[in-house]
Amino acid sequence: MAARRRTWWVGQRISWLLLATLGIAGSAAVAHLRRPAAALAVPANFPALVYEVAKNQPNEATFELGRQLFYDPRLSSDGTISCGSCHQQSRAFTDGQALALGVAGRRSARNTPALQNLGWHRSFMADGGVRGLELQALAPLTSPQEMNEPLADALAKLNADPEYRRRFAAIYGPGKIDTPQFLKALAQFTSALISADSRYDKYVRHEPGGTLTAPEQRGLALFQQKCSGCHATDLFTDESFRNNGLDRTFPVDSGRAHISQLPADAGRFRVPSLRNVARTAPYMHDGRFATLPEVLAHYAHGVRPSRTLDPLLRQPDGRLGLPMSAQEQQALLAFLNTLTDNSLLTNPRFAPPSVAARHQPTLAGVGR
Amino acid sequence: MNNRFPTLLGLLVLPLALFSSCKKDSDTLDSTGSVNFTVRNVAGAQDLALNTTAATTAAGEKFTVSTFEYYLSNIKFTKADGTTYAAPDTYFLVNQEKPASLSFTVPGVPAGDYTGVSFLVGVDAQKTGLTDPVTFTGDLNQANNMYWTWNSGHIFLKLEGTITSTTPSKPLTCHIGGYTDPNNAIVTAAPAFNGAKLTVQAGHTPQLALKADVTKVFDGPNPVALSTFTGAHMPSAQSVQLARNYAAGMFSVEKITTE
């Protein structure tokens, strides 16, 4: 435990050092904007960060710009849908819909996933087709079912807006707003959406407030026994692609095979994190389960066989799934509820920027 | 895409070149030149006019073209002795709709007589596989709409239009890309010089005039019947077939001019 605390502290020190160094290296004119956002420090109970922070140094002005972009519906073709329309903070940046709802009432093919701890992702989307956090924003932006806006048009809108031009120029210097600046600013916001302060986190880090009830502890033990083979580490995912037995065939969505074109990948989807899972219903890539008890019932007795079904869901006695009694499911449910993290769900930093926030002192200094 | 720098350099080194004309090209200053490429997109014997030209495949099937775009990259020049010069960081997007894109200049080519050229039709795996958006500038910028947002990587060739030889006619969509096995669609084209020479020297910009025949997307080692063709939209075995077709026969050298 003490060792864990130390890692956390050292980790923080290192990140700050890195930020400070780069801050000094940065242009003097914008130095006052380079206040670190401190958002990407690695929590003690997390594995190492995957995202290359050095290529997009966190600073307050860029984070705020990213937040503005994230909540700006003008980026969609008809001005009605922002990233935040589908990714709502109170639902851990999901939308409560089975399939996401884009411009003109169009439905995406998939369920909106939570946005949290994205800096630890090795790939994005349920099929892993997107290979970087910056690149990820291009998919919803340009998808006809989502924001339906060609990138060139989005950039033209930003360049036509004096306020955006001023804010981008203050960070990236004069010149047109182009793809890299746009994507990097957005990624400063999305990469800052970190969930590491649930009651469970406090429990494993032995922090104040970190108590689990007896049923929750039983649930944790069951989880470690039955679920953590896939929902691994304190990120609750091993980032692999697995078939968790939802279907026998995959005519509508073949998951990972859509990208790899390999039959062995048919029906495999990225193992999602279970942080804030009590808030992210409905569940699975197509939102087929409305509640957590339905999910648990699926694992207990709804798993369907197929060639690519994950071996962890085949019991030695030939039974499929993860046999669990009703009491065990109750305990698991209690445990899953301890993963709810208000520091993500209610943090005003992640909320839509208010008009007042747009005229914060950080920006007032920009003209100087 | 036009590179003015070599012209300026040429003007600067011209006097030097005059005085040292008897020396070998060992002088670093005047030892490189530029090569200007032009591309003429055609459909068989006709110039390609978007939405108008009736293109005909070897099997007699017909289509019109509304969009025709492709990347030429990793340009490499070969000398008679087999030595090569790979021009660094050469990525050009040719778009039939944008006349300026039908001509581009490769600077810094070592002086000498070249007997061949090759290039990728597409973008190399290393480049297109990058994830930092700052690496995609100019023609590689995703704002050019030649990038798959749901399966990170560039679209190497985009051919859209209408198949008109079927009743009713049907839309034609070929978006070819993919850079990992088994559906790696990165192909190399090496249109022959047929004995001609490309002479590169400081202060001159020889022109390499290429012709690209759109019908060769379907004709080639893997002929594709348009009547049953359902399009290519993602990395797939079909995309690889089409890529092998255009690698084999789409490009030819029309003319080499050394001013």
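Residue by residue, here is whether (1) part of a loop (DSSP other than H, G, I, E, B); (2) in contact (Cβ under 8 Å) with a residue 40 or more places away in the chain; (3) more than 21 Å from the chain's Cα centre (by Cα) holds:
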| residue | (1), (2), (3) |
| --- | --- |
| A:Gln225 | no, no, yes |
| A:Asn244 | yes, yes, no |
| A:Thr249 | yes, yes, yes |
| A:Ser273 | yes, yes, no |
| A:Ala278 | no, yes, no |
| A:Gly287 | yes, yes, no |
| A:Ala300 | no, no, yes |
| A:Val303 | yes, yes, yes |
Subset of segment B:130-143 [assigned to a helix (DSSP H, G or I), at pLDDT 95 or above and either open to solvent by less than 20 Å² (accessible area, probe 1.4 Å) or more than 8 Å from chain A (Cβ to nearest Cβ) (or both)]: B:Gly138, B:Asp139, B:Leu140, B:Gln142
Flag if B:Tyr91 is open to solvent by less than 20 Å² (accessible area, probe 1.4 Å), among the hydroxyl-bearing types (Ser, Thr, Tyr) and in contact with a strand residue (DSSP E or B) (Cβ under 7 Å, 6 or more places away or on another chain): no
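The rows are residues; the columns are (1) in contact (Cβ under 8 Å) with a residue 12 or more places away in the chain; (2) of a type in the set (S, T, N, Q); (3) buried (at least 18 other Cβ atoms within 10 Å of the Cβ); (4) on the phi > 0 side of the Ramachandran plot.
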position	(1), (2), (3), (4)
A:Asp317	no, no, no, no
A:Gly321	yes, no, yes, yes
A:Leu332	yes, no, yes, no
A:Thr340	yes, yes, yes, no
A:Ser343	yes, yes, no, no
A:Ala351	yes, no, no, no
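Per-residue answers, yes or no, for (1) within 18 Å of B:Glu69 (Cα to Cα); (2) within 14 Å of chain A (Cβ to nearest Cβ):
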{"site": "B:Gly203", "(1), (2)": "no, no"}
{"site": "B:Leu210", "(1), (2)": "yes, no"}
{"site": "B:Thr228", "(1), (2)": "no, no"}
{"site": "B:Ser236", "(1), (2)": "no, yes"}
{"site": "B:Ser239", "(1), (2)": "yes, yes"}
Some residue of segment B:122-129 being more than 14 Å from every other protein chain (Cβ to nearest Cβ), among the acidic types (Asp, Glu) and open to solvent by less than 40 Å² (accessible area, probe 1.4 Å): yes
Within segment A:87-113, tally of residues that are outside any loop (DSSP other than H, G, I, E, B) and open to solvent by less than 20 Å² (accessible area, probe 1.4 Å): 2
Helices (runs of 4 or more DSSP H) wholly inside segment A:114-221 that include at least 2 residues being away from chain B (no Cβ under 13 Å): A:162-172, A:179-191, A:199-204
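Here's the yes/no breakdown for (1) buried (at least 19 other Cβ atoms within 10 Å of the Cβ); (2) over 13 Å from the mean Cα position of the chain (by Cα):
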{"position": "A:Pro73", "(1), (2)": "no, yes"}
{"position": "A:Leu115", "(1), (2)": "yes, no"}
{"position": "A:Trp120", "(1), (2)": "yes, no"}
{"position": "A:Pro140", "(1), (2)": "yes, yes"}
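Evaluate segment B:197-215: report whether one residue or more is more than 18 Å from the chain's Cα centre (by Cα), assigned by TED's automatic domain parsing to the domain that holds B:Ala49 and at positive phi.
Within segment B:197-215, one or more residues are more than 18 Å from the chain's Cα centre (by Cα), assigned by TED's automatic domain parsing to the domain that holds B:Ala49 and at positive phi.
The values are calculated or read from the model by the stated rules, or taken from the named source; none is laboratory data. Values in this document were obtained by computation on a predicted structure and should not be read as measured data. Here the Cβ is made from the backbone with ideal geometry for all residues, glycine too, and neighbour counts use every protein chain on show. Ligands, DNA and RNA are stripped out before the accessible areas are found, and what is left, the full protein with its side chains, is counted by its heavy atoms. Shrake-Rupley method; radii C 1.70, N 1.55, O 1.52, S 1.80 Å.
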